[in-house]
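FYI, it's all coordinate maths here, none of it is from the lab. Note that the structure is a prediction, hence the values are computed from the model and not measured. Virtual Cβ from ideal backbone geometry, glycine too; neighbours counted across all protein chains shown.
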Amino acid sequence: MEHKKYSRLYKIQVAKEALSPGYKGMEYLSAEKYGLKTRTVIYWKNIYKEHGEEGFKRVQGKRRKVTRYDLEKENEAAAKRIAELEEEVQILKKAAAFLAKIDRE
């Protein structure tokens, strides 16, 4: 059994077609059209639904899977950035109030 490699753009094309209204629930039609196994079309479709085109990018020869650790790190970074921005807003509010008092005097 020969293992074929397909380009990222080819996989995206097949996945988009499998998700189109005319093929919804009929992945076997896309599989027949492209000469693929139905499970391959379903697999690519699910990757595209879950991760979009980014799901087909490769990192060191393997598709990068998003792990819980990755999501937690991203969430921590976002929470830190939100806290910084909230602090900045408070500083700007105080500065605006201070400047408003100076203009009146």
Inset, instruction - May I ask you to list the lysines whose Cα is less than 27 Å away from that of LYS93, ignoring any residue fewer than eight positions away on the same chain? - result: LYS80, LYS101
Legend entry - Set of lysines with alpha-carbon distance to LYS16 below 25 Å, sequence-local pairs under 8 removed: LYS4, LYS5, LYS24, LYS33, LYS37, LYS45, LYS49, LYS57, LYS62, LYS65
Legend entry - Note, ³J(HN,Hα) from phi for the range 15-20, Karplus 6.51, -1.76, 1.60, rounded to Hz, x at Gly and Pro: 4, 4, 5, 4, 8, 5
Legend entry - Signed unit charges on C-beta, dipole axis of the chain, positive-most listed residue LEU71, ALA97, ILE12: ILE12
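Around LEU29, what is the net charge, scoring Lys/Arg as +1 and Asp/Glu as -1 over all other residues with Cβ under 15 Å from its Cβ? List each step's numbers first, then the result.
Working: positive: LYS16, LYS24, LYS33, LYS37, ARG39, LYS45; negative: GLU17, GLU27, GLU32.
Overall, the nearby charge balance is +3.
Please say if the range 1-64 is rounded, prolate or oblate, where rounded means a/c under 1.5 for a ≥ b ≥ c the square roots of the C-alpha gyration tensor eigenvalues, and otherwise the choice is prolate for a/b larger than b/c and oblate otherwise? Don't skip to the end; give the middle numbers.
Details: a/c = 2.29, a/b = 1.31, b/c = 1.75.
Here the range 1-64 falls in the oblate category.
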